[in-house]
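Working notes for the structure below.
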Amino acid sequence: MFFTDERAQFFKPLTGKYREQVVECLRLLHERLYSAQADYGESLKRDQVIDVFSEALERAPLLDGDDDTSRFRNNREQAGWILNLLVEHGWLKRDKDEASFQSTYPFSRTGRLFTQTLAELDGRSVRTRHRNTRNTLNALSAFVDRGEVYDLLDAHEHSERIIADFTDIIAELEERKRELVKEVEAQQLVQQASDQFFEFMEKRFQPDVAIRMSADSVEKHRDRIRNTIEQIKRKPKAWKTSAENELRRLAPDLIVNTDAQVCLS
């Protein structure tokens, strides 16, 4: 179950008066820990996290319609409150260094995954899509060379993401189109709305699709993937039987019909 232990009220920080400010704090902390700005050898201590949150609060006002009076004297006081809130509800962890007796505050695994989604929705940075077609080919090739079924499972996982990657940018385009239509209906200038649409097409949609077509094209790698699969099929029967048995042990949920032979046969 998801809503257990420290996750019992996991989404509570995102439902109160300061929800937009909490989201901005999460986004900026994620950027500091997992972007090019990250120092991968360092975990942030309390004062460092509060500094990050204080910076985030400078750019995240209360939402329209909420009472603009604050219970906090300054941003650092509010940042400390948000830090405690996120730890309490499972977004962040409090890890204590037994040697220095100082606490650090990394993301929990669940908190990191949900914050990554919030950061991507924000759309401030250029997102590079996973090269899943190429990754599928690489994993299949590794399976041919080494016979490790984990490589085959990787190939399966990457292949499932290929269609999702292509549909994601199309869904983003459709969502942006709907937003622009609403702006026009709200009597905003048609010229302004159309300029925004073409700017989106030029700066976001076209470069993304161009990258996919050049670096991650299904057409580009399809023949090589097919040839690699044929190499797997030509492997000795004992080699394929061993791999199949290991796959059945590691991933029984992938078996559609236990009486049917898998694709390795």
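Laboratory data are not the source of any read-out in this text; all were calculated from the coordinates shown. If you're wondering where the values come from, they're calculated on a predicted model, not measured in any experiment. Heads up, the Cβs are rebuilt from the backbone with ideal geometry, glycines too, and the neighbour counts pull from every protein chain shown.
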Rounded to the nearest 0.05, what FRET efficiency do GLU175 and LYS237 have when you use their Cβ-Cβ distance and R0 = 45 Å? 0.35
With label points built 7 Å along Cα→Cβ from the Cα atoms of PHE3 and THR117, find their separation and express it in nm. 1.5 nm
